[in-house]
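Q: Quick one: the structure is below, questions incoming.
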Amino acid sequence: MTRTQLAGGVFLTHLPAKKFKTNLLSAQFVVPLRWETASANALLAAILRRGTASCPDMGALAARLDQLYGARIDYTVRKKGEAQCVGFVASLIDDCFAPGGERLLEPAAALLGELICQPVTRDGLFLEEYFESEKTNLIDAIRSILNDKRSYADSRLLQEMCTGEPYGVPRLGNEQITAALHPQLLFDAYRDLISTSRLEIFYSGSAERSRVEDALRAALADLPRKDPAPLPELAPHALPEEPRFITERLDVTQGKLGMGFSCGSDDAAALLLGNTLFGGSSNSKLFLNVREKLSLCYYASSLFHRQKGLITVSSGIEFENYQKACGEILTQLEAVQKGKLEAWELEAARSTLLNAYASMGDSQGKLENFFLGQAATGRNETPEMLAEQIRAVAPERIFEAMSTVKLDTVYFLQGKEAEA
Amino acid sequence: MKPVHYERLGETIYRETLPNGLKICVIPKPDHAKKYAFFATRYGGMDIRFQLNGRWLDTPAGIAHYLEHKMFDTKEGNALQELAKNGAEPNAFTSNAMTGYYFDSTSHFDENLEILLSFVSVPYFTDESVAKEQGIIAQEIRMIEDNPDWQIYARMLRALYSVSTARTSIAGTVESISRITAETLYDCHKAFYTPSNMILTVVGNVDPVKVSDLARRILPKEGGPVIPRDYGSEPEAVGAKEARMAMEVSSPQFLAGWKCRPVPEGEERLRRLILGSLACDLLFGESSPLYQRLYSQGLVNSSFGGDFEQMPGVAFLYAGGESKEPQTVANELQKEADRLIREGFDEDYFQRALRSSFGSSLRGLNSFENIAVSLTEGCFGGFDPFRFPQIFDAVTQEDILNFLRDNMTADRAVLSEIVPKEA
């Protein structure tokens, strides 16, 4: 892996590998995640994907991608810590599999560059029909989070827990702010985005660094760069004095329970291991007790939000089991805090994490996502370095770090007819 | 083990059939850290009526899936924990026609493979452990019942088929699983978990001979009899033209489905799979004129998509997503199919779609899971999925048009819809 600077605030992470059938090329703008700007940035990515000066509509773009043996260029909008990352991920077959022996990296990079630098415009604005249709699509996408009740509940928990903090802002922003966007505002946001925000580029595939750099320099020759803005800083989470309890009702057959915890320790490696023991794998205490022993649910898992120092638990239960499930989840957290563990549990948690780090290099998608997360939060550890940190954690460090984990917010989604 | 090299894919497969009937496929990946093993039985949600020892048995819906949950129990405890100690992430799934158990790991591979083969081939459950699982699976069923994507797909299948067990829900219902006992689970294991009904696929930096030796050592020496199954004799006509349900969703969703003619086992299955997926690309894929028109009219959004699927005795093609006007989109799909049958494709467009579809198939080979599942389906269906480049070479416009003529007619179409609940 190497990381080089191509222009002011533009970085290339080159991940050489000959073992894949494809090349991955990703260009991501990294900006602070804010209610005021999140929807505009999400909308920009979608509008840029509609057409370029030379391929002004979806048909022309699709034709060019088909010619490159079904290359894909998808727009992405992701949340990494308190940064929003918007851009494009391209996937194209490796030159050695092109039946005609063509070079595919250069034309794919060129198209990526066009999507960023040469959108189709009229009178100095994006085409009105693209603006309107993608605005409608974005509002539909924001509303459709409701359709997947697990994601909906997970997202509501974070919003409630991190009210007033950027971490509570969903990656697409919200409906009201999207509805208020207008063409001039959006075009200004576009010019601002491409000229001042950090641009992180990732390449995984067989091409040497110099070839990738040349292709990108040519593709991004028109990128206007001013003084790049610094990376967004992350604010620590404010713990409420007493835990907060929130209940909502929808017409559902299964209740969704979300529990948010705040971590007082900054020993990330110990917390990551502690969380894996608690609910981070199919051998965790939550799986073995809430599911296997008490048969309360099909899923009960926890996630460690490394960048923000939070742990969230997610489970689907019968409405009437709310108290029982909450109680059992807290009991299991206490077990981890007090070190009530069998030797195999620690061994399993550690090897689960080490296996995940060791196999990351086998997936281009996982590599890109990992290194974007690192770049967006100003970190530079490789998966190997993180694995080394996990190996070095002694049990006492886990118990100590996990003892700082405090209940912050409980969210429960229940049915319309259920008793409160 | 016999290696076959696939020049155009840059892959080699080692294959062998053991004396007990187990088929083994090994795909060496010397540059990868991850090693992946997939052990599958030809037994899924559709296999609820079958013959064992000369008697026809009717088993409750959801039993194959229930068995999958219970297979992780061992006399010593639980196989999940044994594998986890070695850093392996094991899991399993049940589809309509197969149950697959798998893990990936970067160390202790041989030990992990031994655990996998042992726990899948040796059942261990008691009335108590079977009863305990009811609550867990009931919650899994509740979870999918709240999922609109699942509801819309399940309801489309029930509209397409009036007899075939393709209409049976893989997980069953809270009622049907309450009738499952330890005894029925043992019967089903005995019938379907015999080496001759199973496939082992390993992808990663492994020695194929060691895999084969280990399978010989761990698995039973004898195979089992072929189990006759009854999927029901499905009529040509669709079961119902429409299915409609109200749920707590943000906007209407739909799937338009076409009941296609099934294909017997053999290479024709692979060819049909490719023709069906090409027909989807050409008719309503992202490059298609129809998709672009519907998208720019705001009738579909990026959630729109579809596929062609084959299961024992059945095949179907579907397309859908969110739309404010499901019926209009379904009509447009039918009109476009009718038009193409009449007028054919623009040849440039056809060649482009072929090129793009080849690239997508190649991209699929990045995924170990995808390689293992498609090789297993190939073994069960009598074809070699790695022969896709040769099939692509031979596909003509006429092949696709024939596919559309045979399968995408209005009398074969159904529409499944989910509408938002009134507030």
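Q: Quick one: which residue in B:A423, B:A337 is of a type in the set (A, V, I, L, M) and modelled with pLDDT under 95?
A: Only one candidate qualifies: B:A423.
Q: Yes or no: B:V206 part of a loop (DSSP other than H, G, I, E, B) and under 20 Å from B:L113 (Cα atoms)?
A: Yes, satisfied.
Q: A further question on this structure: Are there any strands (runs of 3 or more DSSP E) wholly within region A:227-325 with 3 or more residues that are outside the structural domain of A:Q159 (by TED's automatic domain parsing) and closer than 30 Å to A:F29 by Cα, and if so which?
A: In region A:227-325, A:255-263, A:300-305, A:310-317 are the strands (runs of 3 or more DSSP E) which contain 3 or more residues that are outside the structural domain of A:Q159 (by TED's automatic domain parsing) and closer than 30 Å to A:F29 by Cα.
Q: Which residues, taken from region B:367-401, are free of Cβ contacts under 8 Å to residues at least 24 places away in the same chain, more than 25 Å from the chain's Cα centre (by Cα) and assigned to a helix (DSSP H, G or I)?
A: Matches in region B:367-401: B:D393, B:A394, B:E398.
Q: Now for a different question. Given (1) of a type outside the set (D, E); (2) surrounded by 19 or more Cβ atoms within 10 Å (Cβ to Cβ); (3) more than 24 Å from A:C96 (Cβ to Cβ), identify the lone condition not met by A:T13.
A: The one condition A:T13 does not meet is (3).
Q: On to the next question. With the structure loaded, tell me whether A:L216 is within 14 Å of chain B (Cβ to nearest Cβ) and either out of contact with any Asp or Glu (no Cβ under 8 Å at 6 or more places or on another chain) or assigned to a strand (DSSP E or B) (or both) or whether it fails that test.
A: In short, no.
Q: Oh, and also: Tell me yes or no: at least one residue of region B:223-245 is hydrophobic (A, V, I, L, M, F, W, C), at pLDDT 95 or above and part of a strand (DSSP E or B).
A: Scanning region B:223-245 turns up at least one residue that is hydrophobic (A, V, I, L, M, F, W, C), at pLDDT 95 or above and part of a strand (DSSP E or B).
Q: Of the conditions (1) away from chain B (no Cβ under 12 Å); (2) touching a residue at least 12 places away in the same chain (Cβ under 8 Å), A:G327 fails just one. Which one is it?
A: (2)
Q: Across region B:220-247, which residue is surrounded by the most Cβ atoms within 10 Å (Cβ to Cβ) among those that are touching a helix residue (DSSP H, G or I) at 6+ places or on another chain (Cβ under 8 Å) and within 14 Å of chain A (Cβ to nearest Cβ)?
A: In this case the residue turns out to be B:M247.
Q: So, one more: When you look at A:Q84, is it over 30 Å from A:I139 (Cβ atoms) and either at the interface with chain B (Cβ under 10 Å from one of its Cβ atoms) or out of contact with any Asp or Glu (no Cβ under 8 Å at 6 or more places or on another chain) (or both), yes or no?
A: For A:Q84, the condition - over 30 Å from A:I139 (Cβ atoms) and either at the interface with chain B (Cβ under 10 Å from one of its Cβ atoms) or out of contact with any Asp or Glu (no Cβ under 8 Å at 6 or more places or on another chain) (or both) - is not met.
Q: For region B:104-120, what are the residues that are crowded, with 18+ Cβ neighbours inside 10 Å and away from chain A (no Cβ under 12 Å)?
A: Those that are crowded, with 18+ Cβ neighbours inside 10 Å and away from chain A (no Cβ under 12 Å): B:L113, B:I115, B:L116, B:L117, B:F119, B:V120.
Q: Moving to a separate point now. Of the conditions (1) in contact with an Asp or Glu (Cβ under 7 Å, 6 or more places away or on another chain); (2) closer than 15 Å to A:L115 by Cβ; (3) within 13 Å of chain B (Cβ to nearest Cβ); (4) in a strand (DSSP E or B), A:N23 fails just one. Which one is it?
A: It fails just one condition, (2).
Q: Take the residues in region A:284-315 that are more than 14 Å from every other protein chain (Cβ to nearest Cβ) and under 26 Å from B:E133 (Cβ atoms), then tell me which one is surrounded by the most Cβ atoms within 10 Å (Cβ to Cβ).
A: Residue satisfying both the conditions and the ranking: A:V313.
Q: To continue, here is another question. For region B:125-163, what are the residues that are within 30 Å of B:A315 (Cβ to Cβ), within 12 Å of chain A (Cβ to nearest Cβ) and in a helix (DSSP H, G or I)?
A: Hits for region B:125-163 are B:I137, B:E140, B:I141, B:M143, B:I144, B:E145, B:P148, B:D149, B:W150, B:Q151, B:I152.
Q: Looking at (1) within 21 Å of A:F412 (Cα to Cα); (2) touching a strand residue (DSSP E or B) at 6+ places or on another chain (Cβ under 7 Å), which is the one condition that is false for A:G309?
A: If we test A:G309 against (1) within 21 Å of A:F412 (Cα to Cα); (2) touching a strand residue (DSSP E or B) at 6+ places or on another chain (Cβ under 7 Å), just (1) comes out false.
Q: In addition: Restrict the check to region A:46-53 and report whether at least one residue is closer than 23 Å to A:K366 by Cβ, surrounded by fewer than 19 Cβ atoms within 10 Å (Cβ to Cβ) and hydrophobic (A, V, I, L, M, F, W, C).
A: No: zero hits.
Q: Mind listing whichever residues of region B:41-100 are of a type outside the set (A, V, I, L, M, F, W, C), assigned to a strand (DSSP E or B) and surrounded by fewer than 20 Cβ atoms within 10 Å (Cβ to Cβ)?
A: Those that are of a type outside the set (A, V, I, L, M, F, W, C), assigned to a strand (DSSP E or B) and surrounded by fewer than 20 Cβ atoms within 10 Å (Cβ to Cβ): B:R49, B:Q51, B:R55, B:D58, B:T74, B:G77, B:N78, B:E89, B:N91.
Residue-wise test of (1) of a type in the set (S, T, N, Q); (2) at pLDDT 95 or above.
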position: B:Q253; (1), (2): yes, yes
position: B:C260; (1), (2): no, yes
position: B:P264; (1), (2): no, no
position: B:G276; (1), (2): no, yes
position: B:F304; (1), (2): no, yes
position: B:D307; (1), (2): no, yes
position: B:I341; (1), (2): no, yes
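Q: Would you mind finding the one in A:Y69, A:Y75 that is without any contact (Cβ under 8 Å) to a residue 40 or more places away in the chain, of a type in the set (S, T, Y) and outside any loop (DSSP other than H, G, I, E, B)?
A: Going through A:Y69, A:Y75 in turn, just one is without any contact (Cβ under 8 Å) to a residue 40 or more places away in the chain, of a type in the set (S, T, Y) and outside any loop (DSSP other than H, G, I, E, B): A:Y75.
Q: I want to confirm something. Restricting to region A:351-381 and keeping residues that are within 14 Å of chain B (Cβ to nearest Cβ) and surrounded by fewer than 20 Cβ atoms within 10 Å (Cβ to Cβ), which single residue is farthest from A:R306 (Cα to Cα)?
A: The qualifying residue farthest from A:R306 (Cα to Cα) is A:S363.
Q: Considering only residues of region B:193-219 that are of a type in the set (S, T, N, Q) and closer than 16 Å to B:F50 by Cβ, which is surrounded by the fewest Cβ atoms within 10 Å (Cβ to Cβ)?
A: B:S196
Q: Does B:A166 satisfy the criteria of being assigned to a loop (DSSP other than H, G, I, E, B), surrounded by 22 or more Cβ atoms within 10 Å (Cβ to Cβ) and more than 9 Å from chain A (Cβ to nearest Cβ)?
A: For B:A166, the condition - assigned to a loop (DSSP other than H, G, I, E, B), surrounded by 22 or more Cβ atoms within 10 Å (Cβ to Cβ) and more than 9 Å from chain A (Cβ to nearest Cβ) - is not met.
Q: Residues that are among the charged types (D, E, K, R) and crowded, with 16+ Cβ neighbours inside 10 Å: which helices (runs of 4 or more DSSP H) entirely in region B:248-348 hold 1 or more of them?
A: Once the helices (runs of 4 or more DSSP H) in region B:248-348 are filtered for at least 1 residues that are among the charged types (D, E, K, R) and crowded, with 16+ Cβ neighbours inside 10 Å, what remains is B:267-284, B:326-343.
Q: Looking only at region B:79-103, filter to residues that are within 8 Å of chain A (Cβ to nearest Cβ) and of a type outside the set (D, E, K, R); which one of those is nearest to B:P312 (Cα to Cα)?
A: By that ranking, first place goes to B:N91.
Q: Looking at region A:253-283, which of its residues are more than 14 Å from chain B (Cβ to nearest Cβ) and among the aliphatic types (A, V, I, L, M)?
A: Passing the criteria: A:M259, A:A268, A:A269, A:A270, A:L271, A:L272.
Q: A further question on this structure: Quick one: is A:L92 under 29 Å from B:S361 (Cβ atoms) and assigned to a helix (DSSP H, G or I)?
A: No, not satisfied.
Q: Any residue at all in region A:100-123 that's within 12 Å of chain B (Cβ to nearest Cβ) and either more than 25 Å from A:K21 (Cα to Cα) or at pLDDT below 95 (or both)?
A: yes
Q: Consider region B:179-192. How many of its residues are touching a residue at least 60 places away in the same chain (Cβ under 8 Å), in a loop (DSSP other than H, G, I, E, B) and surrounded by fewer than 21 Cβ atoms within 10 Å (Cβ to Cβ)?
A: 1
The values are calculated or read from the model by the stated rules, or taken from the named source; none is laboratory data. Note that the coordinates shown come from a computational prediction; the quantities given were computed from them, not determined experimentally. Note that we place each Cβ from the backbone using ideal geometry, even for glycine, and neighbour counts take in every protein chain shown.
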